[in-house]
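**Student:** Sharing a structure below in structure tokens format, with a few things to ask.
The values are calculated or read from the model by the stated rules, or taken from the named source; none is laboratory data. Since the structure is predicted, the reported quantities are computational estimates derived from the model, not experimental observations. Neighbour counts are summed over all protein chains in view; Cβ atoms, including those assigned to glycine, are modelled from backbone coordinates with ideal geometry. Quick note on the areas: whole protein, heavy atoms, side chains included, nothing else; ligands and nucleic acids left out. Shrake-Rupley method; radii C 1.70, N 1.55, O 1.52, S 1.80 Å.
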Amino acid sequence: MDNNRKLFEGLLKADGIAPEGVSESERIAFSKMLDGQLKPKKSKPVHRPDIWRKIMRSRITRFSTAAMVILAVMLSIMFLDRSVSTAFGIERVIAAYNKVRFLQVRQFKATQEEPLEFWIKSDEQGNITNARYYLPEHFQPEDGAKLATWTPEKAELWFKRKHSYLIFQSKRIEGWMLSLLEQSQPKLVMKKLLENQKAGTVEIDIQEPQEKQKLATITVTYKSKPKKEIYYINQATDLITHIEYYRIEKNQDVLDLTTEFYDYNVSIDEKMFSLKDEIPEDVTVLDQLNQLIGIAQGEMSYEEAAVETVRQFFQALIDKDYPKAGLIFSGISGEKTKEYFGWLNVAAIISVGPAKPYPICGPHSFSVACEVESISGDGEKTIRKFGSVKARCGEDEMHPDRWIIHGGI
Amino acid sequence: MDFEKQLEKIVHRCMDGERAAFEELFEIYHPRLKYYVRRLDGDGSKADDISQEIWLTVFKKIDKLKDARSFAVWLYRIARNKVYDGFRRKDRFVRLPEEDELPVSGNDEPTFDANDAKKLHRALNKLKDHHREVLTLCFIEQMSYQSIADVVDCSIGTVRSRIFYAKQSLRKEMESQNG
């Protein structure tokens, strides 16, 4: 037997695990799990976050929601009853959205089971005023699943796996968040389509079945790109039920994405647009909105500022000034800073720098190497090397001239 | 037939929903997966529950696996996420990337004799979390640096330096055990 195999077996045995095969009890447990899973699957109920269930448990909310459902039905009747009808097409669909204030969206990638979800509230002009997002792990595996809320004044992000909660207002992230919504807000999608139609970049085929209970379809084929979209529209309301996005490979349509729209004009409780009542108490809060974070750049060059940021962070740890260290470390609290870094017991800075550009995290992001001396509980001195502490400032952020250490989120 | 080819076939059969294939996969991977989960999960008390969750996810999502050859990486990524989800490892968020991507020569990397497995196991438990993790994948799966990087979600350079320093720490720890 080769050394690797023997080593593998030896390690498992040392941990009380039989390297070959599994125990009878484990086999039985697995078999039971398979029994449960191999039964015919029932259709799954639609996922809603816990907060939704909590809100819906409230009698007041149930009553108001019921009222909104009635309102939505009335709106549908108004749509049905309209005596003046414009020609069916993109403009009519866009017009129908003028009356939509609330909707829920689910976006399914063809290769993934769990959808991205959005709850959207718009004003009378159709501008998005509030949004909530659920972004599953597959969307950005390095971050894990995220919940987010957005208003023009404040954005919140809860990184579930990383157990951290970010409060901020950032044009860069705001742009990213709104671009996600633009792909999901039907009125914007249809306006974009209308632009494409006018520019002659797409071919459009509209099918409006005589039976009004059937969905109408708008099939869009791009002239210079191998892609196609099919919009399914409820003829009674002129509102989109879902959109399918295809890529064309070897003359075959391959489904990439489906976006589904639900709960038109069903009121969404304001609580859904803030995460503060949902996050666990012990979550790490990074408040970049209500406090001045980081250090000022002043007259320093970018490289000098990056090095100085890291130096001041470790100096604050030496001084046991955890609130200051926390403000430099992305804005976490002094208490959390002590919990996370107190054990390091930094006694001295041996070297900091140089700063190397780290553009993946922004145009003014740097990686800084440093060495510090730390003292263990029994008084032993240790040299600790940190190969790559990330420091950055962001011109488009809330505090454009402030430098912080970031990482881990 | 070599192990990789055999595994690929089993995974394909699982994708087709064949019960016996899932059982075969479980027989092969459960012991080593349990070892890995115990190394990540501090005291190992939740390892059985986590393992069950991992297999449930494997069962539910295996049809989404794009390449059967990457099964092991996929499996260990699920395992890792389940451990971190379950325990919300706070220190993961803030621990600075100590020793990340430091250049290493690789020539003086220690090797380990299988006859020392017991000592090795004890010493492994005393390493830093991120060192223990990469070495566990290295020892029990003989994973390539690229695959380990895919599992732990960092660059191959980081894996290379982590393994280098982890092996050195392991060697020191074993020497201290010898007195």
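**Student:** Does B:Asp100 qualify as being part of a helix (DSSP H, G or I), facing chain A (nearest Cβ under 7 Å) and at pLDDT below 75?
**Tutor:** Details: part of a helix (DSSP H, G or I): no; facing chain A (nearest Cβ under 7 Å): yes; at pLDDT below 75: yes.
It is false that B:Asp100 is part of a helix (DSSP H, G or I), facing chain A (nearest Cβ under 7 Å) and at pLDDT below 75.
**Student:** Okay, next question. Name the helices (runs of 4 or more DSSP H) wholly inside the stretch A:298-409 in which the number of residues that are within 14 Å of chain B (Cβ to nearest Cβ), open to solvent by less than 40 Å² (accessible area, probe 1.4 Å) and in contact with a Pro (Cβ under 6 Å, 6 or more places away or on another chain) is 1 or more.
**Tutor:** A:334-341
**Student:** Another question, then. Please state which of the following conditions B:Lys82 fails to meet, knowing it meets all the rest: (1) assigned to a helix (DSSP H, G or I); (2) surrounded by 20 or more Cβ atoms within 10 Å (Cβ to Cβ); (3) at pLDDT 85 or above.
**Tutor:** So B:Lys82 meets the others, but not (3).
**Student:** Looking at B:Glu175, B:Glu133, which is the one that is assigned to a helix (DSSP H, G or I) and open to solvent by less than 10 Å² (accessible area, probe 1.4 Å)?
**Tutor:** Criteria check complete, one pass: B:Glu133.
**Student:** Hey, A:Thr259 hits all of (1) under 23 Å from A:Leu194 (Cα atoms); (2) surrounded by fewer than 17 Cβ atoms within 10 Å (Cβ to Cβ); (3) in contact with a strand residue (DSSP E or B) (Cβ under 6 Å, 6 or more places away or on another chain) but one; which does it fall short on?
**Tutor:** (2)
**Student:** B:Asp48: within 17 Å of the chain's Cα centre (by Cα) and either open to solvent by 50 Å² or more (accessible area, probe 1.4 Å) or not hydrophobic (A, V, I, L, M, F, W, C) (or both), yes or no?
**Tutor:** On the way: within 17 Å of the chain's Cα centre (by Cα): yes; either open to solvent by 50 Å² or more (accessible area, probe 1.4 Å) or not hydrophobic (A, V, I, L, M, F, W, C) (or both): yes.
It is true that B:Asp48 is within 17 Å of the chain's Cα centre (by Cα) and either open to solvent by 50 Å² or more (accessible area, probe 1.4 Å) or not hydrophobic (A, V, I, L, M, F, W, C) (or both).
**Student:** Residues of the stretch A:96-139 being under 17 Å from A:Glu260 (Cβ atoms), within 14 Å of another protein chain (Cβ to nearest Cβ) and surrounded by 17 or more Cβ atoms within 10 Å (Cβ to Cβ), which ones?
**Tutor:** A:Phe108, A:Lys109, A:Glu114, A:Pro115, A:Pro136, A:Phe139
**Student:** Another question, if that's okay. Name the one entry in A:Ser333, A:Ser365, A:Ser351 that is under 12 Å from A:Ile404 (Cα atoms), of a type in the set (S, T, N, Q) and touching a residue at least 12 places away in the same chain (Cβ under 8 Å). Give the derivation first.
**Tutor:** Working: A:Ser333 fails: under 12 Å from A:Ile404 (Cα atoms); A:Ser351 fails: under 12 Å from A:Ile404 (Cα atoms).
Just one listed residue meets the conditions, A:Ser365.
**Student:** Here is a list: B:Val83, B:Val73. Which entry is touching a residue at least 60 places away in the same chain (Cβ under 8 Å) and closer than 13 Å to B:Val152 by Cα?
**Tutor:** Testing whether each residue is touching a residue at least 60 places away in the same chain (Cβ under 8 Å) and closer than 13 Å to B:Val152 by Cα leaves just B:Val73.
One line per residue, one yes/no per condition, for (1) surrounded by fewer than 16 Cβ atoms within 10 Å (Cβ to Cβ); (2) over 30 Å from A:Lys121 (Cα atoms):
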{"site": "A:Ile206", "(1), (2)": "yes, no"}
{"site": "A:Gln210", "(1), (2)": "yes, yes"}
{"site": "A:Ala216", "(1), (2)": "no, no"}
{"site": "A:Asp238", "(1), (2)": "no, no"}
{"site": "A:His242", "(1), (2)": "no, no"}
{"site": "A:Arg247", "(1), (2)": "yes, yes"}
{"site": "A:Gln252", "(1), (2)": "yes, yes"}
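**Student:** Anything in the stretch B:27-42 that is touching a residue at least 60 places away in the same chain (Cβ under 8 Å) and facing another protein chain (nearest Cβ under 9 Å)? List them, or say none. Before you say what the answer is, go through the steps one by one.
**Tutor:** Going residue by residue through the stretch B:27-42, those that are touching a residue at least 60 places away in the same chain (Cβ under 8 Å) are B:32, B:35-36, B:39-40.
The answer is B:Arg32, B:Tyr35, B:Arg39.
**Student:** Considering (1) within 29 Å of A:Glu113 (Cα to Cα); (2) loosely packed, with under 15 Cβ neighbours inside 10 Å; (3) small (Gly, Ala, Ser), say which one A:Ser274 fails and leave the rest.
**Tutor:** A:Ser274 satisfies all of (1) within 29 Å of A:Glu113 (Cα to Cα); (2) loosely packed, with under 15 Cβ neighbours inside 10 Å; (3) small (Gly, Ala, Ser) except (2).
**Student:** Can you report the number of residues in the stretch B:136-146 which are at the interface with chain A (Cβ under 9 Å from one of its Cβ atoms) and open to solvent by 10 Å² or more (accessible area, probe 1.4 Å)?
**Tutor:** Matching residues across the stretch B:136-146 total 3.
**Student:** Kindly list, by first and then second residue, each pair from a residue in the stretch A:269-289 that is of a type in the set (S, T, N, Q) to a residue that is in a loop (DSSP other than H, G, I, E, B), limited to pairs with Cβ atoms under 6 Å and residues at least 6 apart or on different chains.
**Tutor:** What qualifies is A:Thr284/A:Ile332; A:Gln288/A:Gly331.
**Student:** So, one more: Search the stretch B:150-163 for residues being open to solvent by less than 40 Å² (accessible area, probe 1.4 Å) and away from every other protein chain (no Cβ under 12 Å), and hand back the single one that is nearest to B:Asn125 (Cα to Cα).
**Tutor:** Restricting to residues being open to solvent by less than 40 Å² (accessible area, probe 1.4 Å) and away from every other protein chain (no Cβ under 12 Å), the top hit is B:Ile163.
**Student:** Sticking with this structure for a sec: When A:Thr221 is evaluated against the numbered criteria (1) touching a Leu at 6+ places or on another chain (Cβ under 9 Å); (2) surrounded by fewer than 22 Cβ atoms within 10 Å (Cβ to Cβ), which criterion, by number, is the only one it fails?
**Tutor:** (1)
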